Amino acid sequence: MQLRQYQVDAFSDQVFGGNPAAVVPLSTWPDDAVLQAIAAENNLSETAFFSPSQKGVRLRWFTPVREVDLCGHATLASAHVIFQELASSAAEVLFETHSGELFVKKRGAWLEMDFPASHAVLCPVPEILLRGLARPPVEVLAAEDYLVVVDDESDVLSYVPEHNLLAQLDLRGVIVTAPGRDVDFVSRFFAPKFGIPEDPVTGSAHCALAPYWANRTGRDRLAARQLSRRGGYIDCEVRGKRVLLSGQAVTFMIADIFF
């Protein structure tokens, strides 16, 4: 069998930035074991697979070790492939996913994703989290991930986590965040439990980050930067139970898979 695969740098306007994702359009779905094997072979934080559906496009995401329910940067990358590489003339794509319907609109060079908001709540701090980070936070909240708040951007940059300890946590991963110097807030994201020691740019984490910082700042529109080595920029807008996340994407590579 032969499949076309696109590698896209999401949340960046140039290659070698943002978060790379592999995107594989399908006409029929192989077995899940094949999808997982392709994702493991790619060894990127996410490989996205999509096919036409009755209402729009069915979309699924796989890390190198398992399928996940929501991924922002691979959704952005998939929309980029549909609009840019497959030359769709539509102004919006509807993705049917395990997290419900997700909408992505094309706005010039930017893509705007409409995702469900996630409201983190204060929680007891697991001892293993403190040991894994080795530095005390200002506060810790929980949603899909642990949201660890610190004082300053320099504190976010200084963390060198123990990934073997963070992999033992009950939630998906750990977000470390602080006010930004040239943006409203900054963050880093660690998910060793899912085979991702540090994710370059994490759209789904901003489903919790944007509501948290909107509540702290009193503003619904926020500029965010993820401080990984590659780095990436995300525009955020909180609209009640939804979050609009906007970014750019560029194609790095087009290849064929044979199996």
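The values are calculated or read from the model by the stated rules, or taken from the named source; none is laboratory data. Note that the structure is a prediction, hence the values are computed from the model and not measured. Ideal geometry is used to build each Cβ from the backbone, glycine not excepted, and the neighbour counts take in all protein chains shown.
Observations on the structure shown:
- Here Ala191 passes the criteria (1) farther than 21 Å from Val138 by Cβ; (2) surrounded by fewer than 19 Cβ atoms within 10 Å (Cβ to Cβ); (3) in contact with a Gly (Cβ under 8 Å, 6 or more places away or on another chain) except the one numbered (2).
- Residues (outside any strand (DSSP E or B) and either surrounded by 15 or more Cβ atoms within 10 Å (Cβ to Cβ) or at pLDDT 95 or above (or both)) located in region 242-259: Gln248
- Count - residues of region 95-151 that are without any contact (Cβ under 8 Å) to a residue 24 or more places away in the chain, β-branched (Val, Ile, Thr) and not in a strand (DSSP E or B): 2
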